[in-house]
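Taking it in order: structure first as structure tokens, then the write-up.
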Amino acid sequence: MKFRDMSESEYGQYILMRIRSLMSFLGMKQLELAEISGIGQSTLSKIIKGEMKLTLQHIFKLCKALEIEPTDLLSIEKDICSITGNAKSFNNSDNSLISESYINNQILIRNTNHPVFKGYIDNTFFFYCYPTISTESNLLEGELSFYESQNKEFCHAKLKLYTGQISTNKEPVYKLYSGELITSLTMGTCYCILINSDIGEVCCIDFKHTFLFNQELICRVGAMISTSSGGNKLPIMQRILISKHKLNVNDIANPDYMFIRGQLNLNDSTMYIPEEDFSKLLAKDNSSFKHLLDFFNECDNYMETRSYKVIDESKIRDIPVQSDVKSQGISILRQFSTALKYNKISTKTEEFVFQYINKKENTNSTN
């Protein structure tokens, strides 16, 4: 929406939204902003909630505290990232996300001086995952960044996730998450806890940790627990990919399209492929997979043919029986289905993805 099309009320809400987004992007809590700006906490709370008018004096103090120009805050043309620039240099928060009382610092490592963080700190990775709305087909893309706090006591994490939508001023719409990266020595796992305070969402990303020392992290396939973006806002578990190499995941003609989707599916080592779909892969006129035709034909020699009853659960919910009978029957059908009880990111998954992306890296470096 352009400024001339806004009402006074809409513009006021827009400015408050920008203040909240800046706080979220910088990892700054309301109490901290109140202390730095010199605005009383109760007054700041009322301003942010829209219960008190924002004065010129408030704008002056807030911009000083956020280290931005007043024109940056009041403009509707500039996005948050263009205002803040390098998030590390503008970060005013050295408050950790998790209380010290929950942490055993001998096995859950947070101090960025520890060698477990070499290769992770001061790096930004391209981020990919499936959308949580079933009607959307394109993969979601973003950037996941890690950098140390000023006192080196913990590792900041920032996720900028593009929603795939375009704003009225033709800018990509994205969600900003701030949090912390913690490494478990006993589990060999990186835990990235992220919060979007604007929409009230907390998500957790887990991926395998490897000591890198003087190496660079190329890619990791991980798991994410979050909340779906659909109307019901349901808990959701899915795979994610972080990569130093930018991938072309939404161009169907690009090899990245099929490869990344296959690795992000929640499958295990046993694959159940509809016979009709496999026949399409073997079709000689399939130009997309001609170089894989011999491999697919060889795979056919290892395949077993089984028959399955295919049923859409939504179609049997209207069967006229008692609700307790229906719920028990559906539960038993689910137990006998091929649905996975859990899904691990296997070492083979990591190996295949690394080989694919590392080859692209090497190809680009020689060109």
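The values are calculated or read from the model by the stated rules, or taken from the named source; none is laboratory data. Just so you know, these numbers come straight off a predicted model, no measurement behind them. Note that each Cβ is placed from the backbone with ideal geometry, even for glycine, and that neighbours are counted across all protein chains shown. Surface accessibility is based on the protein's heavy atoms, side chains included, excluding ligands, DNA and RNA. Shrake-Rupley method; radii C 1.70, N 1.55, O 1.52, S 1.80 Å.
In a simple Cβ point-charge model (Lys, Arg +1; Asp, Glu -1; nothing else charged), the range 167-223 has a dipole of about 140 debye relative to its Cα centre. Seen from Leu161, the other residues with C-beta closer than 9 Å to its C-beta sum to a net charge of 0, counting Lys and Arg as +1 and Asp and Glu as -1. Against the chain, whose longest principal axis is taken from its Cα atoms, helix 323-336 shows a tilt of about 70°. Nearest 10 degrees, 0 to 90: what angle lies between the long axis of helix 8-26 and the longest principal axis of the chain (Cα atoms)? With rounding to tens, the tilt is 70 degrees. Here the label points at Leu293 and Ile332, each 7 Å from Cα along the C-beta direction, are separated by 4.9 nm in the simple model.
Dipole magnitude for the range 270-367: about 280 debye, using +1 per Lys or Arg Cβ and -1 per Asp or Glu Cβ, origin at the Cα centre.
Taking each of Lys29/Lys158; Lys233/Lys326; Lys208/Lys344; Lys158/Lys244 in turn, the alpha-carbon distance tops 23 angstrom for Lys233/Lys326.
Averaged over residues, the count of other Cβ atoms within 10 Å places the peptides 252-262, 16-26, 273-283 in the sequence 16-26, 252-262, 273-283, highest first. Here each label is just a point 7 Å from Cα along the line to Cβ, and for Asn301 and Lys315 those points are 3.8 nm apart.
Normalised by the number of residues in the range 1-59, what is the relative contact order in percent for Cα pairs under 8 Å and 6+ residues apart? Computed value for the range 1-59: 27 percent relative contact order.
At the listed q of 0.12, 0.16, 0.17 Å⁻¹, the Debye profile of the range 175-291, built from one uniform point per Cα, gives log10 I(q)/I(0) equal to -0.65, -1.01, -1.08. Electrostatic tally near Ser228: other residues with Cβ closer than 13 Å to its Cβ, Lys and Arg +1, Asp and Glu -1, net -1. Recomputing P(r) over Cα pairs in 20 Å bins from 0, in percent from the coordinates shown identifies the correct label among [x] 29, 58, 14, 0; [y] 23, 49, 25, 3; [z] 26, 46, 24, 3 as [y].
Taking Cα centre as origin and charging only the Cβ of basic (Lys, Arg, +1) and acidic (Asp, Glu, -1) residues, the dipole magnitude of the chain rounds to 360 debye.
Farthest toward the positive end of the dipole of the chain, out of Cys299, Leu26, Val310, is the Cα of Leu26, where the dipole comes from beta carbon charges about the Cα centre.
Per residue, the range 175-274 exposes 50 Å² of accessible surface when a 1.4 Å probe is rolled over the protein heavy atoms with every protein chain present. Helix 255-264 and the longest principal axis of the C-alpha atoms of the chain enclose an angle of approximately 90°.
Electrostatic tally near Thr338: other residues with Cβ closer than 12 Å to its Cβ, Lys and Arg +1, Asp and Glu -1, net +3. Springs between Cα atoms under 10 Å define the GNM used for the chain, and in it the highest mean-square fluctuation of Gln355, Gln238, Gln57 occurs at Gln57. Shape class of the range 205-245 from the Cα gyration tensor (axes a ≥ b ≥ c, square roots of the eigenvalues): prolate, since a/c reaches 1.5 or more and a/b is larger than b/c.
When a 1.4 Å probe is rolled over the protein heavy atoms, the share of accessible surface on the chain that falls to carbon and sulfur comes to 54 percent. Got the relative contact order for the chain handy, in percent, Cα pairs under 8 Å and 6 or more residues apart? This gives 12 percent for the chain. Between Ile252 and Gln57, the distance separating the two model label sites (each 7 Å from Cα on the Cα→Cβ line) works out to 6.1 nm. Could you tell me the center-to-center distance, by alpha carbons, between the range 136-194 and the range 304-367 in angstrom? Rounded to whole Å, the Cα centres lie 26 Å apart.
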